[in-house]
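A short worksheet on the structure shown next.
The values are calculated or read from the model by the stated rules, or taken from the named source; none is laboratory data. All values reported here derive from a predicted model rather than from experimental measurement. A quick note on method: Cβ atoms are made from the backbone with ideal geometry, for glycine too, and the neighbour counts reach across all protein chains shown.
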Amino acid sequence: MSEYIFGVDLGGTTVKMGLFDREGNVLEKWEIVTRKDEGGKFILPDIAASIKAKMNEKGISAPDVAGTGIGVPGPVGGDGTVFKAPNLGWGVFSVKEELGKLLDGIRVEAGNDANVAALGEMWKGGGKGFNSLVMVTLGTGVGGGVIIDGRILTGSTGAGGEIGHMHIVDGEPDTCGCGNSGCLEQYASATGVVRLAKRRLEKDDAPSSLRAASNISAKTVFDAVKAGDKVAEEIAEQFGEYLGKGLAAVACVVNPEAFVIGGGVSKAGPVLFDYIEKNYKKFVFHGCSDAKFTLAELGNDAGIYGAARLVLS
């Protein structure tokens, strides 16, 4: 039986890579620069060259490799076709086929990066022990990955799990990065928390430690919550209502066992759940009310773990 698997997490700045054994132990991690010149035509050749160099360094031959998994920042269909990845300059093509050719026939499996990270958390992180979960990444935006019965829910064009772009609020004056307005990520992301904070502080002159902050961030807000700041608590409550309502809607469709919360905002820790869970239970259909909430554990490595798990799936 082939002993090794490569996991690749393709980002807009760097490509993270990992060499794994079949049990999911990471044997080595490394990174290369993402070369986006000329429509991203160098990206896959660079990845293939790096994997081959690692195989040569470790004395690994092609028959020793069960396959390579890759997470891509864009919609990816179940057949490994990417449906455009604008941040990379890519159009529509089969990542699975192209990278497979560059690796001289080594098996390749591809998926959307958020979905792949969710798979990694289910395998070796905060979602371990669950078979159906939704991972929610609260970073600059809000990413989502849906795993049902151990398999990624991709959707017809690879856009399944884009929970950050659920419409939550009518009449929002600001435009989301996707071009619409009132999306969940405009309120539940790190930048969304800042938006809520600025609007609350402009509403009246209620005293708050946030007024003395030179640069308000999601961390600033949740640190103030932990310190008992009443205005910060109001902001966190609004954040929790938007996110709880959004996740309740998701649950009514996919009925997960758990929600795994990751991304920069999740560093606030369990205090997040004080605001998310009660609002989730307020809005959710009773048949989905028992979903558990856990924190992601793999951090920036979730993508390479999930990519490796794609091969075993």
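This table checks each residue for (1) at pLDDT below 95; (2) not assigned by TED's automatic domain parsing to the domain that holds Tyr187.
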{"residue": "Leu247", "(1), (2)": "no, no"}
{"residue": "Val260", "(1), (2)": "no, no"}
{"residue": "Gly264", "(1), (2)": "yes, no"}
{"residue": "Ile276", "(1), (2)": "no, no"}
{"residue": "Gly287", "(1), (2)": "no, no"}
{"residue": "Asp290", "(1), (2)": "no, no"}
{"residue": "Ala308", "(1), (2)": "no, yes"}
- Message: If I filter the stretch 296-307 for residues that are out of contact with any Phe, Trp or Tyr (no Cβ under 7 Å at 6 or more places or on another chain), crowded, with 22+ Cβ neighbours inside 10 Å, more than 30 Å from Ile5 (Cβ to Cβ) and not aromatic (Phe, Trp, Tyr), do I get at least one hit?
- Response: no
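Going by the conditions given, is Thr220 farther than 21 Å from Gly164 by Cα and of a type in the set (Val, Ile, Thr)?
Yes; evaluated as a whole, the condition is true for this residue.
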- Query: Is it fair to say Val26 is surrounded by 18 or more Cβ atoms within 10 Å (Cβ to Cβ) and either in contact with a helix residue (DSSP H, G or I) (Cβ under 8 Å, 6 or more places away or on another chain) or in contact (Cβ under 8 Å) with a residue 24 or more places away in the chain (or both)?
  - Reply: no
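Has the stretch 17-24 got at least one residue that is farther than 26 Å from Arg151 by Cβ, out of contact with any Gly (no Cβ under 8 Å at 6 or more places or on another chain), in the same structural domain as Tyr305 (by TED's automatic domain parsing) and outside any helix (DSSP H, G or I)?
There is no residue in the stretch 17-24 that is farther than 26 Å from Arg151 by Cβ, out of contact with any Gly (no Cβ under 8 Å at 6 or more places or on another chain), in the same structural domain as Tyr305 (by TED's automatic domain parsing) and outside any helix (DSSP H, G or I).
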- Item | Scan of the stretch 266-288 for residues that are out of contact with any strand residue (DSSP E or B) (no Cβ under 9 Å at 6 or more places or on another chain), exposed (fewer than 13 other Cβ atoms within 10 Å of the Cβ) and in a loop (DSSP other than H, G, I, E, B), ordered by number | Phe285
- Examine the stretch 227-242 for a residue that is touching a residue at least 60 places away in the same chain (Cβ under 8 Å), of a type outside the set (A, V, I, L, M) and more than 25 Å from Val8 (Cβ to Cβ), and state whether such a residue exists. yes
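Among the listed residues Gly78, Gly71, Gly91, Gly67, which satisfies the condition of being assigned to a strand (DSSP E or B), within 20 Å of the chain's Cα centre (by Cα) and not basic (Lys, Arg)?
Matching residue, one of Gly78, Gly71, Gly91, Gly67: Gly71.
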- Note on the structure: Apart from one, (1) under 24 Å from the mean Cα position of the chain (by Cα); (2) surrounded by fewer than 15 Cβ atoms within 10 Å (Cβ to Cβ); (3) modelled with pLDDT under 95 all hold for Ser214; the odd one out is (1)
- Query: Can we say Ile168 is surrounded by fewer than 24 Cβ atoms within 10 Å (Cβ to Cβ) and touching a Leu at 6+ places or on another chain (Cβ under 8 Å)?
  - Reply: yes
- Specify which of the listed residues (Phe222, Phe239, Phe259) is outside any helix (DSSP H, G or I) and closer than 19 Å to Val142 by Cα. Phe259
- Message: Take the conditions more than 25 Å from Ser156 (Cβ to Cβ) and assigned to a helix (DSSP H, G or I) and apply them to Ile47. Does it pass?
- Response: yes
- Task: Check whether at least one residue in the stretch 290-304 is closer than 14 Å to Ile163 by Cβ and part of a strand (DSSP E or B), and report yes or no.
- Result: no
- For Lys198, all conditions in the list (1) modelled with pLDDT of 95 or more; (2) within 29 Å of Val253 (Cα to Cα) hold save one; what is the number of the exception? (2)
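Yes or no: Lys29 under 15 Å from Val72 (Cβ atoms) and either at pLDDT 95 or above or in the same structural domain as Asp113 (by TED's automatic domain parsing) (or both)?
Taking the combined requirement at face value, the residue does not satisfy it.
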